[in-house]
Amino acid sequence: MWRNRTIPLRKLLLCAWAGLLTFTGAGRADDLSDLKVRLETQEKQIQELRKLLEETRKATQGDDLVTTDPQTSAGATTAPKKDDKKPDESAVNAIVEKYLRDHPGAGMPSGVQTGFEDGNGFVIRSNRNPSYTNWSDDGKIPFELQIHGRLQNDYYGYKVTDTRNHFTNFDTGRNTVGDESALLVKRARLILSGSLFDPNLRFNLTYDGNTRGIGGIDARQNSFANPIGNVEGGQGIANVDHAVRFFEGWIAYDFHPCWSEKGCGCDCPEGTVPYQPTYGLIVGKLKPMFGIEEFAGGSAGRTGGLGGSGREQFVEFAMATWFFDGEDDNLLMAAGIQIYELEDRLFVNALMTNGNETQTPYLQMDRLPGFNLGFWYDFGGTWDEQRKRWQLYGAGLSDLDYSCNPVLRVGASSNLVPMDRRSIYTQAELDRVRTIPPTPNGGGTLTGVLNGGGVSPAVAAVAGTSAFAVDAFDSYNFEGFASFKWRGFSLTSDSWLRTVNNFRGEKDLTTGRERPILYSVNNVGSNALTNVALFNHGALVDYGTLVQGGYFVIPKKLELVARYSVVRGESGNIRGDGAFTTLSAAQRTALGIPTAAAGGPATVRLYPNGFSRDQEAQEFAVGFNYYFKGHNMKFQTDLSFYNGGNPAGGGQSAAGFIPGVDGYLVRSQFQLGW
């Protein structure tokens, strides 16, 4: 066993020496000075390796090494002594590992490697001050640049079949909005990633372009903004078409502790497979863990050039995924830790964020942080004998890798966002909380519903807001999921719960008391905003479910898919069962609501069951995918039906939705990535 491990090192010395002699013979006279430097460098490396071998022999008190001296013509060998004790192989491994750890890239000539690798894209690897000679060993390389890219070209066609305003329950007798039909470049991304100075110091820079339009200057904030999600039109915001934006950028450093795996650290005993967990500190603009569809591509650094939106089982994420999404697939600023443990079966994510962010400038955020926490664990899997590791769930919901044995991923996550007052800060974070159902062709926001009823007394007027509108609330989102794969079959279930609470009205500048929250109420059978109601609710609860599956009728090529998603909740039910009482003058005076003569509403209603009855929106979808080169080159098409007023307003343009409107949607997409 010892001979099998030491002879290759001696062969390495011989090969290096022979290469030097050949290179010397071919050199020209005018390159002698440079050649001398190279010879000295190579000689130093050879001496270090010879010294390492000698230290190994002394440390193990063995003298039965088969040695080959590169300075002899025939490669003389030293016969082993029969009575000497054989060396301890684990000690040799420890010395070699320590040397490689202290000398990154040792054993390889100083040079540059470039090429294309599956999962890594086009790569450039370099040591410090390279001399452009190739290497082939597996030493860690401190400098690496991976160049990825992705292009998604789509067709969207949405046929409106809806005549009802689901928010007011009023039937207009005609389609509420027009149909949609368009070709677009949905995502065009350039991704630069790799490592610098240390193979554990990783980075990512991603730029995203599209023809959907990107939010431009928001006159309300006098700055670049996108305060209501990924809005591509309307909302009083200037838009830039065919534009490129900074999409993702982070720095991470990975630690690989030996103590966390019993018997499988740096000093694995004979017969075991080495494994080191990864504890990564990360900071920057990145994907939070919320929604298995979006995060199934893996955490930062393990997605290649595709990520969640490049490994979708449908052309786009489900309606429920978009509604409960943590950042409208625009990523957000975060800092924290991501952990892979237990042979990479366990993943843990703990991040502190800026809050309810969606491509939002930090000057529009409030002072309170958010928290994104989650984990998953993979059961089952298939042992890869060649790579000496488990093939587990993988990336994406489809079983494209064709799992020979069943594998099940289960997990949970949360996105916790306390928010401060919009009368002090902006309402950008508050505007991300949407209602069920939304208003047609606009996407309902909770700040738009709790709008103060149009009441703005002169004694308490606040520029840009209504004095009796909601001023602040908190949003807490929770998710649990399970996803199964086996022999081309996949089945995923994802469930969410959102609670919006701690509602606060604006403070009266005179008394310091919080004003009550009023909202506008449409008369049934009329679209006129003629009534004002008092918001009197402790917390609003919304929840949703996604069930999605697929099967490869042609393994790794043709996949048939189907899904169902539903969103239910209280947030948009402004009248409950319709029963109400009218506040008396005394009640209004006690609440600080001014009279009509003082600029207040003529009447104020109270709906006891308002915001207490669930309303529901559903999505049904079928489709197929054909994989020419896996996710790197594939064609997808699907057909989706929507009932109840689709509330997923934030991702409307990316997904092709028309929020608040029933109909059916045809989508096709060709994706090219590397």
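The values are calculated or read from the model by the stated rules, or taken from the named source; none is laboratory data. No experiment lies behind these values; they were computed from the predicted model shown. All Cβ positions, even for glycine, are placed from backbone atoms using ideal geometry, and neighbour counts span all protein chains on display.
Which of the residues belonging to the stretch 568-592 are over 30 Å from Ser495 (Cβ atoms) and either at pLDDT below 85 or not β-branched (Val, Ile, Thr) (or both)? Of everything in the stretch 568-592, those that are over 30 Å from Ser495 (Cβ atoms) and either at pLDDT below 85 or not β-branched (Val, Ile, Thr) (or both) turn out to be Gly578, Ala579, Phe580, Leu583, Ser584, Ala585, Ala586, Gln587, Arg588, Ala590, Leu591, Gly592. Collect the residues in the stretch 379-391 that are part of a loop (DSSP other than H, G, I, E, B) and surrounded by fewer than 20 Cβ atoms within 10 Å (Cβ to Cβ), keeping them in residue-number order. Within the stretch 379-391, Glu385, Gln386, Arg387, Lys388 meet the criteria. The criterion of at least 1 residues that are on the phi < 0 side of the Ramachandran plot, among the β-branched types (Val, Ile, Thr) and over 32 Å from the mean Cα position of the chain (by Cα) is met by the following strands (runs of 3 or more DSSP E) wholly inside the stretch 481-582: 518-522, 529-534.
For the stretch 642-656, give me each residue that is buried (at least 22 other Cβ atoms within 10 Å of the Cβ) and in contact with a strand residue (DSSP E or B) (Cβ under 6 Å, 6 or more places away or on another chain). Scanning the stretch 642-656 gives Tyr642, Gly645, Asn646, Pro647, Gly649, Gly656.
Taking the criterion of being hydrophobic (A, V, I, L, M, F, W, C) and at pLDDT 95 or above, would at least one residue in the stretch 600-614 satisfy it?
Filtering the stretch 600-614 for residues hydrophobic (A, V, I, L, M, F, W, C) gives 602, 604, 606, 611.
Add one more test, that the residue is at pLDDT 95 or above, and what stays is none.
Scanning the stretch 600-614, I find no residue that is hydrophobic (A, V, I, L, M, F, W, C) and at pLDDT 95 or above, so the answer is no.
Remark: Ser612 matches the filter, which requires a residue to be surrounded by fewer than 16 Cβ atoms within 10 Å (Cβ to Cβ) and polar (S, T, N, Q). When Pro288, Pro257 are screened for being modelled with pLDDT of 70 or more, surrounded by fewer than 16 Cβ atoms within 10 Å (Cβ to Cβ) and in a loop (DSSP other than H, G, I, E, B), only Pro257 passes. Checking each residue in the stretch 330-353 for being of a type in the set (D, E, K, R) and assigned to a loop (DSSP other than H, G, I, E, B) picks out Glu343, Asp344, Arg345. Trp250 - would you say it is modelled with pLDDT under 75 and either among the hydrophobic types (A, V, I, L, M, F, W, C) or not in a loop (DSSP other than H, G, I, E, B) (or both)? So Trp250 does not fit the description; no.
Here's the yes/no breakdown for (1) among the acidic types (Asp, Glu); (2) free of Cβ contacts under 8 Å to residues at least 60 places away in the same chain; (3) part of a strand (DSSP E or B):
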| site | (1), (2), (3) |
| --- | --- |
| Gln587 | no, yes, no |
| Ile593 | no, no, no |
| Pro601 | no, no, no |
| Arg613 | no, yes, no |
| Glu619 | yes, no, yes |
| Asn625 | no, no, yes |
| Gly645 | no, no, no |
| Ala654 | no, no, no |
| Leu665 | no, no, yes |
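If you go through the stretch 267-281 and keep only what is under 16 Å from Glu341 (Cβ atoms) and either modelled with pLDDT under 80 or not small (Gly, Ala, Ser) (or both), you end up with Val273, Pro274, Tyr275, Gln276, Pro277, Thr278, Tyr279, Leu281. One residue stands out in the stretch 145-159 among those that are of a type outside the set (S, T, N, Q) and crowded, with 19+ Cβ neighbours inside 10 Å: the one that is farthest from Trp674 (Cα to Cα), namely Tyr158. Only one of the listed residues (Pro601, Pro659) is more than 22 Å from Phe317 (Cα to Cα), touching a helix residue (DSSP H, G or I) at 6+ places or on another chain (Cβ under 8 Å) and surrounded by 16 or more Cβ atoms within 10 Å (Cβ to Cβ). That residue is Pro601.
When the residues of the stretch 148-202 are filtered to those that are without any contact (Cβ under 8 Å) to a residue 24 or more places away in the chain and of a type in the set (Gly, Ala, Ser), the one that is nearest to His631 (Cα to Cα) is Gly178.
Checking the condition at pLDDT 85 or above, buried (at least 19 other Cβ atoms within 10 Å of the Cβ) and in contact with a Gly (Cβ under 7 Å, 6 or more places away or on another chain), which residue from Leu665, Leu639 passes? Being at pLDDT 85 or above, buried (at least 19 other Cβ atoms within 10 Å of the Cβ) and in contact with a Gly (Cβ under 7 Å, 6 or more places away or on another chain) holds for just one of Leu665, Leu639, which is Leu665.
Of the residues making up the stretch 481-519, those that are buried (at least 20 other Cβ atoms within 10 Å of the Cβ) and among the hydroxyl-bearing types (Ser, Thr, Tyr) number 4.
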